[in-house]
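Peer 1: I am attaching a structure below and will ask some questions about it afterwards.
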């Protein structure tokens, strides 16, 4: 009797899982044969190259692999006439942000970036690649800058009698280790690389926004700007929200009316069930090139982020 109860409960769980999953797929993959479709692509959370699956029930944030693919699919779909990027992100890794920005710039269809609450650092870089940027007056944008900070535990280790044995085969192999201080030479070496990233970031934003490099350089001090400030500084084109984004995409596509089609990755069953988002609390506008010490196979990797 107990076995039958277990089987019945299991079948009910599987049935509920099938309903939740099928509803999600239906909602996000509605076939449409209209000729006035606009792809609405959300960029939400930390921008990464492929997401972080190290946490149970975690999302992948804004994966460049997924977003580049969605932008390509929107361009390949003849029913899609334009793209609106709904941005609510503090940025992320340098490479991932660059990949999405490049995909936006390569789009053969008009792209409008709509910054809702947060479009800073790498997320602003992505927005700059669009044809037009709209941001809420109280949104946070900009944060163009370079940071290479990380935690360093040498003094703490000394206090508790913990030592660090340096066993390496290359002079700079453990540069950035949290277990010892940087030498002056190493600090200058890392700063030089951050300067290269900073220069590339500034130059690309200047080209995307049709501003001089000198203009952007003055703004590239790491500070974030409210939407109203960004408008005055030329970092965005118009203040507003979804309504204004729809009006602009109509203008760019020549359509009198539009039908928004949601383009986003499929969530896992557990994400749909729990509705969790691991990266939405990622702090405001991390600067380009931040070095984060993460646990990897060698227990220490410097990962540049924007």
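The values are calculated or read from the model by the stated rules, or taken from the named source; none is laboratory data. Just so we're clear, the structure is a prediction, and the values are computed from it rather than from any experiment. Positions of Cβ are backbone-derived with ideal geometry, glycine not excepted, and every protein chain shown enters the neighbour counts.
Peer 1: Among the residues of the range 120-134 satisfying the criterion of being within 9 Å of the chain's Cα centre (by Cα) and modelled with pLDDT of 95 or more, which is farthest from residue 253 (Cα to Cα)?
Peer 2: 123
Peer 1: (1) at pLDDT 95 or above; (2) crowded, with 24+ Cβ neighbours inside 10 Å: which one isn't true of residue 109, the others all being true?
Peer 2: (2)
Peer 1: Okay, moving on. Of the residues 277, 281, only one is part of a loop (DSSP other than H, G, I, E, B), over 18 Å from residue 129 (Cβ atoms), at pLDDT below 50 and touching a strand residue (DSSP E or B) at 6+ places or on another chain (Cβ under 9 Å); which? Let's see the steps before the verdict.
Peer 2: On the way: 281 fails: touching a strand residue (DSSP E or B) at 6+ places or on another chain (Cβ under 9 Å).
Criteria check complete, one pass: 277.
Peer 1: Has the range 178-188 got any residue that is crowded, with 18+ Cβ neighbours inside 10 Å, touching a residue at least 12 places away in the same chain (Cβ under 8 Å) and part of a loop (DSSP other than H, G, I, E, B)?
Peer 2: yes
Peer 1: Only one of 249, 196 is modelled with pLDDT of 80 or more, more than 30 Å from residue 41 (Cα to Cα) and within 25 Å of the chain's Cα centre (by Cα). Can you tell me which?
Peer 2: 196
Peer 1: Taking the criterion of being part of a helix (DSSP H, G or I), within 16 Å of residue 235 (Cβ to Cβ), touching a residue at least 12 places away in the same chain (Cβ under 8 Å) and in the same structural domain as residue 49 (by TED's automatic domain parsing), would at least one residue in the range 83-94 satisfy it? Quick ask: steps written out before the conclusion?
Peer 2: At the first step, the residues of the range 83-94 found to be part of a helix (DSSP H, G or I) are 94.
Checking which are within 16 Å of residue 235 (Cβ to Cβ) leaves us with none.
Checking the range 83-94: not a single residue is part of a helix (DSSP H, G or I), within 16 Å of residue 235 (Cβ to Cβ), touching a residue at least 12 places away in the same chain (Cβ under 8 Å) and in the same structural domain as residue 49 (by TED's automatic domain parsing).
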